[in-house]
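The next block holds one structure in the form of structure tokens; read it before the comments.
Computed from the coordinates by the stated procedures, all read-outs in this text should not be read as laboratory data. All values derive from a computational prediction rather than experimental measurement. All Cβ positions, even for glycine, are placed from backbone atoms using ideal geometry, and neighbour counts span all protein chains on display.
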Amino acid sequence: MNTRDAAKSEPANVRILDREYTVGVSEDERASLAAAARLLDARMREIRGGNKMVALDRLAVLAALNLAHELQQLRDAGAPASGGAFALLDEANRKLDALLARNA
């Protein structure tokens with residue numbers, strides 16, 4: 001989701017907490033966007049737990065804060081800014097996909 005390539009972006013739909021969002025994204029970033037949406041959805045569901053009354057904006061901020069904290073920890077640990085963090089996120093997404101498939 002690179003804003004510099006807005007002219008090349010196409011609308012893509014993602015679902016987070018049973019709500020659909022349309023995001024402009026280039027064709028080569030679609031898979032990454034889908035993976036990020038699954039990660040965010042899983043994190044927000046984890047934070048929400050059984051409390052369905054938690055405000056969506058609060059869940060979003062808490063999930064963003066948690067993910068930003070994890071990214072900062074990776075940076076502080078000296079992980080490479082591009083390859084290492086993305087590889088770690090890809091592995092986390094694969095694990096989340098496997099868990100979701102088992103529970104479906």
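Phi-derived couplings, Karplus 6.51 cos²θ - 1.76 cosθ + 1.60 at θ = phi - 60°, listed residue by residue for segment 69-74: 5, 4, 4, 5, 4, 4 Hz, with x used for Gly and Pro.
Which net charge results for the neighbourhood of residue 90, defined as the other residues with beta-carbon distances under 14 angstrom from its beta-carbon, given Lys and Arg at +1 and Asp and Glu at -1? Summing Lys and Arg as +1 and Asp and Glu as -1 gives 0.
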